[in-house]
Every structure is written in C-alpha cells, then in structure tokens.
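Peer 1: To start, I am sharing the structure in question, which I have written as structure tokens.
The values are calculated or read from the model by the stated rules, or taken from the named source; none is laboratory data. What you see is a predicted model, and the numbers here were worked out from it, not measured in a lab. Every residue, glycine among them, receives a Cβ derived from its backbone with ideal geometry; neighbour counts consider all protein chains shown. All accessible areas refer to the heavy atoms of the entire protein, side chains included, with ligands and DNA or RNA removed. Shrake-Rupley method; radii C 1.70, N 1.55, O 1.52, S 1.80 Å.
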Amino acid sequence: MALDRWIALVILAVSLSYGYTAFFMMDAGLPPFMRFNPIWPSTFPKVIAVLAAITSLAILLGFEKKPAESEADEIDFSRLWDYNIGQAVFLLALMVAYALLLRPAGFLLSTLLFIVIGAALLGERRFMILVPVAAVAAGGVWYLVQQTLGIYLSPLPTFLN
C-alpha cells in the first residue's frame, strides 16, 4: 500500500474517534439553555470529522487516482534523505513552539511569528509583503474569534494583560 493510503488510514482512524467524541460525548455536558441553540459547540467538530472521514475514504478507495498511474509520484524510500526532511521536522517543531507560545506570547505575536517563520522556511522571501499579510491574517482571525464567536483569546503577552 502506498504512503498516501497509509496516511489516509491514520486520518480515518483519528477522524472516526474525533467524530465519536463530537457526536456522542461533547453534547452530554451542555447546560439546558444551550440545547435550544441552532449551533452547538460540537457543530464544527462534527463537520470536520465527517469531511475528514469522507476525504480519507476517497483516498483509501483510490477515487483521486488517475487511470494511468506512474511510479514517478511514489516516494523512493532508498533515497529518503534526498527529500527535505529537515525542513519538515523544523516545521513540526515550529508548530509545537507555536502551541507552547500561545499563552505567554499572546495570540497576535505568536501567530504572526509562526506565519512569517513558516513561510520563510517554505521559501517565501518577499518580507515586505509577507509581514503585513501575516499581521492582517493574525488580526483578522483574532477579531473573528473574539468578537464574532465571543471566545476570549488573549491577544497580547501575559505580562501586558
């Protein structure tokens, strides 16, 4: 089985367990006044679980494959070190650092740094465009979460709050 199908199998297992939690366990602790809302806290996780399961099933069943498959697209495990593994590991470490810095550094600063460093790692060199776009993206997501959804998200570092 190809690597993409193994990854799809793992994603299917994760989305099924995530979907089970969203459909059967998350709504049990809702207060009575929230049970009449049209959108519950579990609505978005339910949508994500269903879409991830459908997508991973499509990959597992081979619906996305072209009729004439070429072996050039497959990963050559004998030449594994020719790929950008260091770049991928650094990006994973950057994701962990982002998760750890969210509270102490605040959402805006940590998100801005994550986007800028991640984009630079992936090859973007136009920093005069990258930094303002990252700032608008971080500010826009913060505004939507804070004002539209009403979820408190600390925008600034903890020592400034």
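Peer 1: How much length is gained on full extension from Leu153 to Arg35, taking 0.36 nm per residue of separation minus their Cα-Cα distance?
Peer 2: Extra length available between Leu153 and Arg35 comes to 40.0 nm.
Peer 1: Which value, in debye to the nearest 20, gives the size of the charge dipole of the chain about its Cα centre, when Lys and Arg are +1 and Asp and Glu are -1 at the Cβ?
Peer 2: With Lys and Arg at +1 and Asp and Glu at -1, about 580 debye.
Peer 1: Still on this model: Using the heavy atoms of the protein chains and a 1.4 angstrom probe, tell me the accessible area per residue for the chain in square angstrom.
Peer 2: Per-residue accessible area for the chain comes out at 73 Å².
Peer 1: With an 8 Å Cα cut-off and a minimum separation of 6 or more residues, compute the relative contact order for the chain in percent.
Peer 2: 21
Peer 1: Would you mind telling me the share, in percent, of accessible area of the chain contributed by carbon and sulfur at probe 1.4 angstrom?
Peer 2: Percent of accessible area from carbon and sulfur atoms in the chain: 74.
Peer 1: Evaluate the distance, in nm, between pseudo-label points positioned 7 Å from the Cα of Asp4 and of Thr21 along their respective Cα→Cβ axes.
Peer 2: Each label point is offset 7 Å from its Cα along the Cβ direction, giving 2.8 nm.
Peer 1: Relative contact order of segment 85-161, please, whole-number percent, based on alpha carbon pairs below 8 angstrom and at least 6 residues apart.
Peer 2: The normalised contact order for segment 85-161 reaches 40 percent.
Peer 1: Which residues make up the longest stretch of the chain that has no chymotrypsin sites (Phe, Trp or Tyr not before Pro) in a DSSP loop with at most 16 other Cβ atoms within 10 Å?
Peer 2: Here the longest segment lacking exposed loop sites spans 84-151.
Peer 1: Search the structure for amide H atoms under 5 Å from the amide H of Gly106, placed 1.01 Å from N in the peptide plane, and list their residues when 5 or more places away or on another chain.
Peer 2: Thr158
Peer 1: Let me ask something else. With the dipole of the chain worked out from charges on the C-beta (+1 for Lys and Arg, -1 for Asp and Glu) around the Cα centre, which of Gln87, Ser17, Leu108 lies farthest toward the positive end?
Peer 2: Farthest towards the positive pole: Leu108.
Peer 1: Stretched out fully, how many nm does the piece from Arg79 to Leu121 gain, at 0.36 nm a residue minus the Cα gap?
Peer 2: Net length gain for the segment: 12.9 nm.
Peer 1: Divide by every residue of the chain the summed helix terms, -39500 (n - 2.57) for each DSSP H run of at least 4, and state the resulting mean residue ellipticity at 222 nm, rounded to the nearest 500 deg cm²/dmol.
Peer 2: Calculated mean residue ellipticity at 222 nm is -19000 deg cm²/dmol.
Peer 1: At q = 0.12 Å⁻¹, what base-10 log of I(q)/I(0) does the Debye formula yield for the chain when every alpha carbon is treated as an equal point scatterer in vacuo?
Peer 2: Listed by q, the Debye log ratios stand at -0.87.
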